[in-house]
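S.K.: Here it is: the structure, laid out below.
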Amino acid sequence: MAWQDLSDEELVRRFNAGDTGAFEGLFRRYEVAMYRLARARVASEDAALDIVQETFLKAYQGLGKLRSGPAFRAWLYRVCLNVAAGSARSEARRRRAETDAAERLEEVGEPIQTMLKQEGLRRLQSALSRLPRLLADTLILREIEGRSYSEISEVMKCSEKAVEMRLFRARRLLRRAMAAQEGMP
Amino acid sequence: MRCGEAKRLLNRYVDGELDLRAREELDRHILSCPACEAELSDLRRMSEVFVPAREQGLSWSLWPRFDAKLARELAPRRYMMQLEGLARHLVPVAAVLLAIVVVLWALVPRPATAPPELPGEYLVRTVFDSPDARLLVDSQEVQPDELLELVFIANGG
């Protein structure tokens, strides 16, 4: 049976029973989601790819401790957000990559749509980096991953009410951060 | 519905987290309240800034690269884990064997052994302890060092 036909719970169960091949199914199912999350946090594509790899490496090593399959997605999001936000190395990469992205915008021959998209992404990353981490992570899960309040509360280990409050504050702060960017020369 | 309550519900509204009844009530309020309508527009515009991030994707799977990394980084670790597992089993066995050897060594009787005596010392002790030698020494006919010399000569020294 192909991994597409198996639930997370079944793949986790098989992996923990010694079928290491089951991990490939989990990887392929969530690699794009993890990449999107990472891209919201770091400007460099290479850094985002590193975050994805590190996230799944930690997942591979820690999956044996995860007994419940349905909790896998929430747990993986949590690992990814921690990896993305946790290291000073990624911070340094982000700053370096912001410069790279700005330089790339000046390159001749770049399609205008791509340039605009990259610029939009860069501005979003920059604004998100000014938010407290909990607020930024909550907003990323809601706006980029489209997760419900219930799922976000599971990832962030807080109540749905807390998710609502965080989103309210995060949007208000993000609006200010974006406005401040527009005011920059 | 008042503005305060409406503004409190706007985040849930744009996130699709309101039940049908609350949503319809808020819809009615927004239609009659320009301030809340503007607030809602702001929230929707804010959501649009995430579009470039939502559109991020991968042209190819990262699995082959990850699989290679897995083999590279976890193979030595697996080997170490196997060694650790082996050591975990062997250490108690070795400890038990060592304890058995110590106990057996302590329990088995061994003949008492005196330090070996040099031939000259044995001779001197024998000579001094002999009744004839005592007699000679006690009668002061021969001094102990003379007696030793005699013994030495008698033994071919």
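Coordinate-derived values only; no laboratory data. Owing to the predicted nature of the structure, the values given are computational and were not obtained by experimental measurement. No Cβ is skipped: glycine too gets one built from the backbone with ideal geometry, and neighbour counts run over all protein chains shown.
S.K.: Which FRET efficiency, nearest 0.05, do residue B:24 and residue B:55 yield, Cβ-Cβ r, R0 25 Å?
M.R.: 0.20
S.K.: Out of all Cα-Cα pairs in the range B:3-54, roughly what percent, to the nearest whole number, are more than 19 Å apart?
M.R.: Value for the range B:3-54: 25 percent of Cα pairs lie more than 19 Å apart.
S.K.: For the range A:130-185, just say rounded, prolate or oblate: build the C-alpha gyration tensor, square-root its eigenvalues into a ≥ b ≥ c, call rounded for a/c under 1.5, and beyond that prolate if a/b exceeds b/c, oblate if not.
M.R.: It is prolate, given that a/c is not under 1.5 and a/b is the larger ratio.
S.K.: Let me ask another. Please give the average number of partner chain Cβ atoms lying within 10 Å of the Cβ of each residue in B:63-74, rounded to a whole number.
M.R.: The shielding value for this peptide is 4.
S.K.: For the range A:1-84, take the convex hull of the Cα atoms, compute a quarter of its surface area, and give me that in nm², please.
M.R.: With the hull built on Cα positions only, its mean projection is 5.0 nm².
S.K.: Ok, one more. What average number of partner chain Cβ atoms lie no more than 10 Å from the Cβ of the residues making up B:41-53?
M.R.: Per-residue shielding by partner chains comes out at 6.
S.K.: For every other residue with a beta carbon closer than 15 angstrom to the beta carbon of residue B:66, add +1 if it is Lys or Arg and -1 if Asp or Glu, then tell me the sum.
M.R.: -1
S.K.: Multiply the residue separation of residue A:161 and residue A:176 by 0.36 nm, subtract the distance between their alpha-carbon atoms, and state the gained length in nm to one decimal.
M.R.: That pair, residue A:161 and residue A:176, stretches by 3.1 nm at full extension.
S.K.: Sticking with this structure for a sec: By counting other Cβ atoms within 10 Å of each Cβ, how are B:50, A:56 ranked from fewest to most?
M.R.: B:50, A:56
S.K.: Rank these for me by crowding, A:39, B:110, B:72, A:78, going from fewest to most other beta carbons within 10 Å.
M.R.: B:110, B:72, A:78, A:39
S.K.: Using the alpha-carbon centroid of each, what span in Å lies between the range A:28-69 and the range B:28-60?
M.R.: What the calculation gives is 27 Å, centre to centre.
S.K.: Enumerate the calculated ³J(HN,Hα) couplings along the range B:45-62 in order (Karplus 6.51 cos²θ - 1.76 cosθ + 1.60, θ = phi - 60°), each rounded to whole Hz, writing x wherever the residue is Gly or Pro.
M.R.: 3J(HN,Hα) across the range B:45-62, in whole Hz: 5, 4, 5, 5, 5, 8, 4, x, 6, 5, 7, 5, x, 10, 6, 8, 6, 8.
S.K.: Can you compute 3J(HN,Hα) from phi for each residue in the range A:56-65, using the Karplus curve 6.51 cos²θ - 1.76 cosθ + 1.60 with θ = phi - 60°, rounded to whole Hz and x for Gly and Pro?
M.R.: 6, 5, 5, 4, 4, 6, x, 5, x, 7
S.K.: Which ordering of A:13, A:176 is given by a fewest-first count of other beta-carbon atoms within 10 Å?
M.R.: Neighbour counts put them in this order, fewest first: A:176, A:13.
S.K.: Under 21 Å between alpha carbons, and skipping anything fewer than 8 positions from residue A:157 in its own chain: which lysines qualify?
M.R.: A:58, A:65
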